[in-house]
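> Could you have a look at this structure, given as structure tokens, before my questions?
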């Protein structure tokens, strides 16, 4: 049973660039949530996708956008990168109608120079 | 707005000790609460999920309790081992399935 996978593992970008991160949910899951974790902090909720729509959003600017595909995989896009966007980006999946237990992927480490 | 506090922020114990990690949250209208483990630079591993109607859950040497009305949860680790060294995060979840995290407890178990 494949768990949550994310790509790439690491990424280095410069200020002003754009980045796309990818996530494949655990087999059988239909909901994907994205979190940002700065060094020494707990993860912060960015947004959640279900049925290819953004269902809820945390306190992040519009530079952060996403997409969910028919196979439930998801992308996180960040435009006009800032130094403060450097963080570990985590994807979590769950299944609507279940106990809502969330399973996390290994994360993508983004460094903005 | 849900806020989560974890105490202590860091803990160092000798191998074999039993220990308790504490989590408190401000909004008791939760759907469930998850405890996670995070190794440095890695993703989160789900340890235990407690539904809001439950009082506790057990998995091996781990036991988590939930007092929803007082906004508290504890994670009990029995007979700690060096392999238990990690950051432990608690996260209450609302009906919308959004998790709110504290900053975690950094645990070091000395051999």
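The values are calculated or read from the model by the stated rules, or taken from the named source; none is laboratory data. Predicted, not measured: the structure shown is a model, and the values here were computed from it. Counting neighbours? That spans all protein chains shown, and the Cβs are built from the backbone with ideal geometry, glycine included.
> Do we find that residue B:67 is modelled with pLDDT of 95 or more and loosely packed, with under 15 Cβ neighbours inside 10 Å in this structure? Steps first, answer last, please.
Working: modelled with pLDDT of 95 or more: yes; loosely packed, with under 15 Cβ neighbours inside 10 Å: yes.
Yes, satisfied.
> Still on this model: Give the range A:28-56 a look and list any residue that's part of a strand (DSSP E or B) and either within 19 Å of residue A:84 (Cα to Cα) or more than 10 Å from every other protein chain (Cβ to nearest Cβ) (or both), or say none.
Taking the range A:28-56 and keeping what is part of a strand (DSSP E or B), we get A:31-37, A:44-50, A:53-56.
Passing the criteria: A:32, A:34, A:35, A:36, A:37, A:44, A:45, A:46, A:47, A:49, A:53, A:54.
> Hey, can you tell me all the residues within the range A:65-99 that are out of contact with any strand residue (DSSP E or B) (no Cβ under 8 Å at 6 or more places or on another chain) and assigned to a strand (DSSP E or B)?
Within the range A:65-99, none qualify.
> Right, here's the next one. In this structure, does residue B:78 turn out to be at pLDDT 95 or above and over 11 Å from the mean Cα position of the chain (by Cα)? Give the steps one after another, and end with the answer.
Numbers: at pLDDT 95 or above: yes; over 11 Å from the mean Cα position of the chain (by Cα): yes.
When the stated conditions are applied, residue B:78 passes them.
> Is at least one residue of the range A:105-112 in contact with a helix residue (DSSP H, G or I) (Cβ under 6 Å, 6 or more places away or on another chain), surrounded by 14 or more Cβ atoms within 10 Å (Cβ to Cβ), touching a residue at least 12 places away in the same chain (Cβ under 8 Å) and more than 13 Å from chain B (Cβ to nearest Cβ)? Please lay out each step first, then the result.
Taking the range A:105-112 and keeping what is in contact with a helix residue (DSSP H, G or I) (Cβ under 6 Å, 6 or more places away or on another chain), we get A:112.
Narrowing the set further to residues that are surrounded by 14 or more Cβ atoms within 10 Å (Cβ to Cβ) leaves A:112.
Filter again for touching a residue at least 12 places away in the same chain (Cβ under 8 Å), leaving A:112.
If we keep only those that are more than 13 Å from chain B (Cβ to nearest Cβ) as well, we get A:112.
Yes, there is a match, as at least one residue in the range A:105-112 is in contact with a helix residue (DSSP H, G or I) (Cβ under 6 Å, 6 or more places away or on another chain), surrounded by 14 or more Cβ atoms within 10 Å (Cβ to Cβ), touching a residue at least 12 places away in the same chain (Cβ under 8 Å) and more than 13 Å from chain B (Cβ to nearest Cβ).
> Which of the strands (runs of 3 or more DSSP E) found entirely inside the range B:25-111 contain at least 1 residues meeting this: within 14 Å of another protein chain (Cβ to nearest Cβ), out of contact with any helix residue (DSSP H, G or I) (no Cβ under 6 Å at 6 or more places or on another chain) and free of Cβ contacts under 8 Å to residues at least 40 places away in the same chain? Show your work before the answer.
Numbers: elements: B:32-38, B:44-51, B:56-59, B:62-67, B:72-77, B:86-93, B:105-110.
It comes to B:44-51, B:56-59, B:62-67.
> Which numbered condition in (1) over 12 Å from the mean Cα position of the chain (by Cα); (2) over 16 Å from residue A:110 (Cα atoms); (3) without any contact (Cβ under 8 Å) to a residue 60 or more places away in the chain is the only one that residue A:39 fails?
Evaluating residue A:39 over (1) over 12 Å from the mean Cα position of the chain (by Cα); (2) over 16 Å from residue A:110 (Cα atoms); (3) without any contact (Cβ under 8 Å) to a residue 60 or more places away in the chain leaves (2) as the failure.
> Looking at (1) surrounded by 21 or more Cβ atoms within 10 Å (Cβ to Cβ); (2) more than 11 Å from chain B (Cβ to nearest Cβ); (3) without any contact (Cβ under 8 Å) to a residue 12 or more places away in the chain, can you tell me which one residue A:25 breaks?
Going through the list (1) surrounded by 21 or more Cβ atoms within 10 Å (Cβ to Cβ); (2) more than 11 Å from chain B (Cβ to nearest Cβ); (3) without any contact (Cβ under 8 Å) to a residue 12 or more places away in the chain, residue A:25 breaks only (3).
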